[in-house]
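Inspection log for the structure reproduced underneath, given as C-alpha cells.
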Amino acid sequence: MHDLVVRNGTVVSPLSAQKLDIGIDGEAIAAIGHNLTGRRVIDASDMLVFPGVIDAHTHMDLSVRGIRSSDDFFTGTVAAAFGGVTSILDFTVGSPQTSIPLDIDRRLDDIRPAVIDVGLHAEVIGWKPEDSGQFAEARRRGVTSFKFYTAYEASGRRTPHAVMRRAFEHLADLGCVALVHCEDEDLIQSIMESLSPDQMEDMATLALARPDLCEATAISHVGHVAAETGCRIHIVHVSSAKGLISVQEARRAGADVSAETCPQYLVLAADSYDRMDGALFSASPALRTQADQTMLWRGLRDRNLDFVATDHCPFTREQKAWKGSFVNLPYGLPGVETLLPILYSEGVGKGRLAVTDIPRLLCEGPARRYGLLGKKGALEVGFDADLVIFDPFFEWEISAPFLHMRTDFSPYEGWTVTGKPMTTIARGELIVEDGELMAREGRGTFLFRD
C-alpha cells in the first residue's frame, strides 16, 4: 500500500495520454499502473495529470532600474504552486564588484523561504578571463548554467564579444550551459540616437527601439561563437520569427543550441503598447506581431523551440507608473502562475499544440537542458513525485485579485481561459489542494546540479 495514490487520471507524457494510477511513497513515484492502493487516495477522474511544471526562467526579488520586483521567493513560489509549477530556476545577482561563487552564496540565503524547489543560473557580470576558476567553483556549488547579456552596456551587464568567446571556451571544457539574452546593443543604440523627443515619450516606440532584427543578429553572432567553441548555449525569451530563424541557422552551423519562448510572445502583440495602460506591458525583448506569434507557435510544435518559460519579473501598477518615457520603466511581466493555463488554453485549446506537447515544453524540455532529468521533468518510477492534477474543462477568468502573484495586474487581465490546476503535489507532499495553500514556508530545497 502506497502513501498516496492518484487514481483514474489521464497521465500525460510527451508520448502518450493514458488513464493510469500513480503510487507515491515518501518523496518519490513508486508505481504507475492500475488498481493501486494507498493510505490516501485522490480521485483524478476526468482530470489530466502532468508532471510538475518547471519554470526555468524567473526573477524573484530582483532590482530593475532601482525598483525591486514585487515577488520574493516566498510569494513567488506560492503563486507558482497554485499554477502547477513545482520547480523554478532563478538567477544570482551578478556584479563586477563580486564573484560568481559569492553571488551564489548570497542568493542561497534569498531562496530559503521558497515553498517549491529552486535552482539557480549564475549571472556573468564583469567577468575576466583570469576569473575562469569561478566557473568550476560555481559548479562545485551545484550551479551549471551561466547567464550572459549582449545588451545593457550602460548598466555593465553586456559581455564584450571577445570576452564571451573566452568564457564559452571554459564552459565548454566544464560541460556547462551558457544562457544568453540576445539583443544587439550597437543596433539598439543607433536606433535610440535617431529617435525624436516625441518618440521617446511614446510607449509604442519600445517595439521600434528594440526590433526583431536586434534579436536575430545577436543570436546569429552567439550561435557562431558557440559552434566554434563547442559551448552548449541556450537562447532565452525568443520573441520573433527572425530570432527563431537565427536559432535554426545556428544549429545548422553546428552549434549545440536550445531556445525558449515565453507566453507573452505567444499571445500578446506590440499593439498592447497603444492601450491607456500600455506602460504595464514594458518588457525586453519587446512584444512583436501576430505573424511572429504564428511562427513561434509553429516553432514549439515543430520542436525548433525547446520549451516555454515565463521570464517572471512582476511589478505593481505603481512601480510601472508612466515617468515620461519608455526608457524610465522597469521591464518585466508577471506570469509564473498563469504559465500552464495560458499554454494549455491558447495552445491545446485552440489546436496549436497537442496535449502531449505540454509535458515536453514545460517539464521534460527544461529538465533535460539543465541537468534535472532523472529527478524532475517526468512521471516515472524513481523520479520526484512532482505532479499537477489539471481540470481541462474548467473555464475561468484571469483576474489579478484572485491570483497569488504579488502584483495588482495581469497582462492577461479579463481573459477567459479553459483549464486550471486543481491540485499540486511536490516531492510527494500536497502543497495546493482545493484552492488552499498546504505548504509551509521554506519547504523547498535547492536544486543542486552536477
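Of the listed requirements (1) closer than 30 Å to Asp61 by Cβ; (2) among the polar types (S, T, N, Q); (3) surrounded by 22 or more Cβ atoms within 10 Å (Cβ to Cβ), Thr316 misses just one: (3).
Yes or no: Phe326 of a type in the set (Phe, Trp, Tyr) and either closer than 24 Å to Met422 by Cα or under 17 Å from the mean Cα position of the chain (by Cα) (or both)? Criteria not met by Phe326.
Selection of the range 1-31 for residues being under 28 Å from the mean Cα position of the chain (by Cα), in a strand (DSSP E or B) and in contact (Cβ under 8 Å) with a residue 24 or more places away in the chain yields Val6, Gly9, Thr10, Val11, Val12, Ala17, Ile22, Ile24, Ala28, Ile29. Might you check whether a residue that is in contact with a strand residue (DSSP E or B) (Cβ under 8 Å, 6 or more places away or on another chain) and crowded, with 21+ Cβ neighbours inside 10 Å occurs anywhere in the range 397-404? No, because not a single residue in the range 397-404 is in contact with a strand residue (DSSP E or B) (Cβ under 8 Å, 6 or more places away or on another chain) and crowded, with 21+ Cβ neighbours inside 10 Å.
Here Glu201 fulfils each of the conditions (1) in contact with a helix residue (DSSP H, G or I) (Cβ under 8 Å, 6 or more places away or on another chain); (2) in contact (Cβ under 8 Å) with a residue 24 or more places away in the chain; (3) of a type outside the set (A, V, I, L, M) apart from (1). Do we find that Glu433 is surrounded by fewer than 19 Cβ atoms within 10 Å (Cβ to Cβ), over 24 Å from His121 (Cβ atoms), acidic (Asp, Glu) and at pLDDT 95 or above in this structure? Yes, satisfied. From the list Val49, Val53, Val78, Val85, the lone residue that is under 25 Å from Pro392 (Cβ atoms), in contact with a Cys (Cβ under 7 Å, 6 or more places away or on another chain) and in contact (Cβ under 8 Å) with a residue 60 or more places away in the chain is Val53.
Residue by residue, here is whether (1) out of contact with any helix residue (DSSP H, G or I) (no Cβ under 6 Å at 6 or more places or on another chain); (2) of a type in the set (Gly, Ala, Ser); (3) farther than 16 Å from Tyr370 by Cα holds:
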residue: Glu130; (1), (2), (3): yes, no, yes
residue: Phe135; (1), (2), (3): no, no, no
residue: Val143; (1), (2), (3): no, no, no
residue: Thr150; (1), (2), (3): no, no, yes
residue: Val163; (1), (2), (3): yes, no, yes
residue: Arg166; (1), (2), (3): no, no, yes
residue: His170; (1), (2), (3): no, no, yes
residue: Asp173; (1), (2), (3): yes, no, yes
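The values are calculated or read from the model by the stated rules, or taken from the named source; none is laboratory data. Computed from a predicted structure; not experimentally measured. Heads up, the Cβs are rebuilt from the backbone with ideal geometry, glycines too, and the neighbour counts pull from every protein chain shown.
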